[in-house]
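A.B. asks: Before we start, here is the structure in question, set down as structure tokens.
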Amino acid sequence: GSVVASYPYDDSPTHKPTGVYSKSADDEVFRYLAKAYASHHPIMRTGKPNCPDEEGETFQDGITNGAQWYDVEGGMQDYNYVWANCFEITLELSCCKYPPTSELQQEWENNRDSLLAFIEKV
């Protein structure tokens, strides 16, 4: 896991594992929506999730193009965009995939304003 808003495309023509910005036709819209979420999240907006084993990982403005982060061939985000015209972003909300119950209230607090801002933009 991480703390970032990722947007299409997750796949790139070269399938290079990382570092290829794979721009969609609606790149500006996706960036706008991802930034709307990230800018209201206290950790995400810093661009520094500080996840264990990935302490140096950073994301400008808390967002990333999926393929630039890491290439994913055949992902649902790209599939739904290409074949169903669904505009989806992927939200990585925690370094831990399964946070303990004791941390769920804080996760809600971290994401409440982001969710409301995102819904408002959509």
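A.B. asks: Computing the accessible area with a 1.4 Å probe over protein heavy atoms, can you report the carbon and sulfur percentage for the chain? List each step's numbers first, then the result.
C.D. replies: Working: 3960 of 7390 Å².
Carbon plus sulfur share of accessible area: 54 percent.
A.B. asks: What number comes out for accessible area per residue over the chain if the probe is 1.4 Å? Units Å², please.
C.D. replies: Details: 7390 Å² over 122 residues.
Ligands and nucleic acids excluded, the figure is 61 Å² per residue.
A.B. asks: Net charge within 13 Å of D61 by Cβ-Cβ distance, Lys/Arg positive one each and Asp/Glu negative one each, not counting D61 itself? Let's see the in-between values first.
C.D. replies: Numbers: positive: R31, K35, R45, K48; negative: none.
Once all neighbours under 13 Å are counted, the net charge is +4.
A.B. asks: Round to the nearest 10 and report in Å² the accessible area of H40, as given by a 1.4 Å probe over the protein chains' heavy atoms.
C.D. replies: Its accessible surface works out to 80 Å², give or take rounding.
A.B. asks: Separate question: When DSSP assigns beta bridges and you keep just the ones with both residues in the chain, what percent turn out antiparallel, to the nearest 5? Write out the running numbers ahead of the final one.
C.D. replies: Numbers: 6 of 9 bridges.
Here the antiparallel bridges make up roughly 65 percent for the chain.
A.B. asks: Taking the Cβ-Cβ separation of N80 and D27 as r and a Förster radius of 22 Å, what is the calculated FRET efficiency to the nearest 0.05? Walk me through the numbers on the way to the answer.
C.D. replies: Numbers: r = 16 Å, r/R0 = 0.74.
In this case the efficiency is close to 0.85.
A.B. asks: For the chain, what relative contact order do you get, as a whole percent, if you take Cα pairs closer than 8 Å and at least 6 residues apart?
C.D. replies: Values: 221 pairs, mean separation 48.8, N = 122.
Averaging sequence separation for qualifying contacts and normalising by length gives 40 percent for the chain.
A.B. asks: Tally Lys and Arg at +1 and Asp and Glu at -1 over the other residues with C-beta under 11 Å from the C-beta of S12: what net charge comes out? Write down the numbers at each step before the final one.
C.D. replies: Numbers: positive: K16, K23; negative: D10, D11, D71, E73, D78.
Residues near S12 contribute -3 overall.
A.B. asks: How large is the helix-only mean residue ellipticity at 222 nm for the chain, computed as the sum of -39500 (n - 2.57) over DSSP H runs with n ≥ 4, divided by its residue count, in deg cm²/dmol to the nearest 500? Provide the component values of the computation, followed by the final result.
C.D. replies: Numbers: 4 runs with 43 residues, N = 122.
After summing the helix terms and dividing by the residues of the chain, the value is -10500 deg cm²/dmol.
A.B. asks: For the chain, can you list the cysteines whose C-beta has no other cysteine C-beta under 4.7 Å from it?
C.D. replies: Isolated Cys, the chain: C86, C96.
The values are calculated or read from the model by the stated rules, or taken from the named source; none is laboratory data. All values reported here derive from a predicted model rather than from experimental measurement. Please note: Cβ atoms are built from the backbone with ideal geometry, for glycine as well, and neighbour counts cover all protein chains shown. Note: accessible area is taken over every heavy atom of the protein model, side chains too, but ligands, DNA and RNA are not part of it. Shrake-Rupley method; radii C 1.70, N 1.55, O 1.52, S 1.80 Å.
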